[in-house]
1. Of all residues in region B:177-219, count the ones that are among the small types (Gly, Ala, Ser) and farther than 27 Å from A:Leu106 by Cβ.
2. Take the residues in region B:114-138 that are in a helix (DSSP H, G or I), touching a Leu at 6+ places or on another chain (Cβ under 8 Å) and small (Gly, Ala, Ser), then tell me which one is farthest from B:Thr171 (Cα to Cα).
3. Condition first: buried (at least 19 other Cβ atoms within 10 Å of the Cβ) and within 16 Å of A:Ile103 (Cα to Cα). Now tell me which residues in region A:125-141 satisfy that.
4. Mind listing whichever residues of region B:178-227 are among the polar types (S, T, N, Q), within 14 Å of another protein chain (Cβ to nearest Cβ) and either part of a helix (DSSP H, G or I) or in contact (Cβ under 8 Å) with a residue 12 or more places away in the chain (or both)?
5. Would you check if there is a residue in region A:23-40 being within 14 Å of chain B (Cβ to nearest Cβ) and either among the basic types (Lys, Arg) or closer than 22 Å to A:Ala158 by Cβ (or both)?
6. Could you list, in sequence order, all residues of region A:198-248 that are hydroxyl-bearing (Ser, Thr, Tyr) and touching a residue at least 24 places away in the same chain (Cβ under 8 Å)?
7. Is there a residue being under 21 Å from the mean Cα position of the chain (by Cα) and either within 30 Å of B:Asn184 (Cβ to Cβ) or basic (Lys, Arg) (or both) anywhere in region B:93-100?
Amino acid sequence: MKPLRIKNLKKKFKDTVAINNINLEVEQGKITGIIGRSGSGKSTLLRMINRLIEPTEGSIEFNGIIITDIRGKALRRWRSECAMIFQQFNLVDRLDVLTNVLIGSLGRSYSFLNLFGYFSKEEKINALKNLDRFELAEKSLQRSGTLSGGQQQRVAIARALMQKPKILLADEPISSLDPKNSKKVMDDMLKINREDGITIICNLHSLEIAKKYCDRLIGLSEGEVVFDGKPNQLTADIAKKLYDLDDE
Amino acid sequence: MNKITSDNHYKNLIGKKRFWNLSLIILIFIGVILSSKIIDINVSNLLNGMPRLGDYVSQILPSIESNKLFLGSKDQGSIAYWYFNLPKYLKLLFETFNMALLATIVGSTLALFLSFLAAKNTSPNSLLFFSIRRILEFFRGVPEIIFAILFVWVLGIGPLAGIIAMTLHTTGSLGKLFSEVHENSNNKPIEALKASGGNWLSEMKFGLLPQVLPNLISYALLRFEINIRASTILGFVGAGGIGQELYLVINFNYYEEVSAIILLIILTVISIDLLSGYLRKNITRIEND
């Protein structure tokens with residue numbers, strides 16, 4: 001399996017450079033953590049991979065397709081193969097949990113009937129199975145807004161699984177969770193990585209968690225890669241630099 | 001020391017705020033005086049005209065006598081005599097009600113479809129956004145009565161002209177209100193739909209609509225109340241309903257019938273307002289549970 005290739009990737013917002021000439025290869029089947037301070041470009045990088053943000057320059061390639069060139073249907077297919085979960089979970093609070101999970105199937109198998117709230121029995125069973133993996137099946141008819149933060153994030157993971165993704169992008173998935181729920185969410189991500197072989201690219205704030213769960217760490221600072229290696233190669237010195245700790 | 005300076009700063013801020021409030025009041029006062037000069041409000045004219053208002057009101061009041069109150073429609077002084085034409089009124093009132101209902105349903109459906117294109121955050125392209133906004137402004141800017149006159153001229157006298165006029169106006173005003181609701185919605189669920197490969201339609205249906213629906217229904221019910229009132233007025237230009245009959249009895253000086261119809265209209269408007277107010281309150285309450 002070929003890695004995800006990022007070549008000379010650049011992103012400028014007006015005058016500020018968010019991502020400056022990044023070259024990376026992300027192997028499939030691994031958990032890759034992206035670490036760095038707020039504003040170091042982690043989120044921008046992740047969002048460029050599924051094209052929620054358009055890069056200014058450079059290219060991203062996956063399995064022979066230049067991701068940065070595709071449009072329309074092909075782009076939507078890519079986005080469904082490359083699922084994403086968010087810091088704020090981004091569920092539809094007023095809809096029940098099951099529908100929230102079913103929404104994940106829309107990019108993969110869209111039919112006009114979906115617009116009237118119809119989903120096939122097969123997809124419904126699929127959604128329930130995914131919820132059951134995270135022990136949330138009994139919540140499936142509850143409004144998602146009534147769930148705790150940790151539960152909402154795991155519903156979001158179940159939704160992502162509905163896309164049958166090859167890659168899961170996780171943008172600060174545990175930043176708004178307490179330690180106990182953070183662990184649960186990270187364990188679930190580890191589970192889908194080990195059991196389903198889904199590649200995970202994950203932005204993380206906490207160095208401790210990044211070291212514990214990731215196979216590889218990439219340190220970003222001011223839009224550039226300043227560290228790339230195994231978790232045990234990340235020394236205290238480099239970490240200090242990465243987070244600018246000398247200033248405090 | 002620090003405390004004193006912060007106190008001064010606070011006083012400063014309060015002083016500034018008072019100054020602006022006072023200037024605003026003075027400005028509004030000057031504005032009111034100027035505009036009354038321009039539109040030529042004359043208090044003495046107003047007072048002189050007042051008795052005539054009283055004359056008209058006393059003329060349209062029914063001649064009801066307490067001992068004949070419940071006699072038949074042939075006896076002057078009874079309620080039945082006053083409302084001898086009730087079956088016709090009710091039929092026309094029902095027509096008015098249906099005009100408003102139909103215009104609200106069709107108008108808000110059109111408004112719903114257009115509003116997604118007319119909201120900055122959901123419109124798929126800026127040219128579409130710009131042109132739909134202008135179209136909605138036109139529909140909203142032209143008074144219903146003008147549309148009604150136009151369509152009475154085109155389609156002839158009857159309720160259809162009134163329905164089309166109200167539908168256009170409803171589309172214009174609800175389209176704008178709906179699109180503003182969309183613009184205030186939370187973008188995150190829509191972002192999630194987009195990130196999972198959903199198309200624009202599914203972004204709207206699943207990401208946006210569940211958030212905004214209670215608000216939209218509430219606005220549509222409010223519009224229904226407004227349309228009930230509007231549809232009586234539209235009758236004056238021949239656009240059907242009870243208004244047309246009211247115009248007739250006013251012109252022919254059938255004084256007692258004027259009061260009979262006006263009372264009926266007021267009762268209808270009040271009961272619709274109460275009912276829709278109750279519904280609106282419950283929709284938001286249920287949705288917030």
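The values are calculated or read from the model by the stated rules, or taken from the named source; none is laboratory data. Everything quoted here is computed from the prediction, not taken from an experiment. Neighbour counts are summed over all protein chains in view; Cβ atoms, including those assigned to glycine, are modelled from backbone coordinates with ideal geometry.
1. Looking only at that region, the number is 1.
2. Only one residue fits best here, namely B:Ala118.
3. A:Asn126, A:Ala127, A:Asn130, A:Leu131, A:Ser140
4. Kept after step one, since they are among the polar types (S, T, N, Q), are these residues of region B:178-227: B:179, B:184-187, B:196, B:199, B:202, B:211, B:215, B:218, B:227.
Filter once more, keeping what is within 14 Å of another protein chain (Cβ to nearest Cβ): B:185-187, B:196, B:199, B:202, B:211, B:215.
B:Ser185, B:Asn186, B:Asn187, B:Ser202, B:Gln211, B:Asn215 - these are the residues of region B:178-227 that are among the polar types (S, T, N, Q), within 14 Å of another protein chain (Cβ to nearest Cβ) and either part of a helix (DSSP H, G or I) or in contact (Cβ under 8 Å) with a residue 12 or more places away in the chain (or both).
5. Initially, region A:23-40 is screened for residues within 14 Å of chain B (Cβ to nearest Cβ), giving none.
No, the conditions are met nowhere in region A:23-40.
6. Initial filter on region A:198-248 (hydroxyl-bearing (Ser, Thr, Tyr)): A:199, A:206, A:213, A:221, A:235, A:243.
Answer for region A:198-248, where residues must be hydroxyl-bearing (Ser, Thr, Tyr) and touching a residue at least 24 places away in the same chain (Cβ under 8 Å): A:Thr199, A:Ser206, A:Tyr213, A:Ser221, A:Tyr243.
7. Let us first name the residues in region B:93-100 that are under 21 Å from the mean Cα position of the chain (by Cα), namely B:93-100.
Going one step further and asking which of them are either within 30 Å of B:Asn184 (Cβ to Cβ) or basic (Lys, Arg) (or both), we end up with B:100.
For region B:93-100, residues under 21 Å from the mean Cα position of the chain (by Cα) and either within 30 Å of B:Asn184 (Cβ to Cβ) or basic (Lys, Arg) (or both): present.
Okay, residues lined up against (1) surrounded by 17 or more Cβ atoms within 10 Å (Cβ to Cβ); (2) among the hydroxyl-bearing types (Ser, Thr, Tyr); (3) modelled with pLDDT of 95 or more:
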{"site": "A:Leu52", "(1), (2), (3)": "yes, no, no"}
{"site": "A:Pro55", "(1), (2), (3)": "yes, no, no"}
{"site": "A:Gly58", "(1), (2), (3)": "yes, no, no"}
{"site": "A:Phe62", "(1), (2), (3)": "yes, no, no"}
{"site": "A:Asp69", "(1), (2), (3)": "no, no, no"}
{"site": "A:Lys73", "(1), (2), (3)": "no, no, no"}
{"site": "A:Ser80", "(1), (2), (3)": "yes, yes, no"}
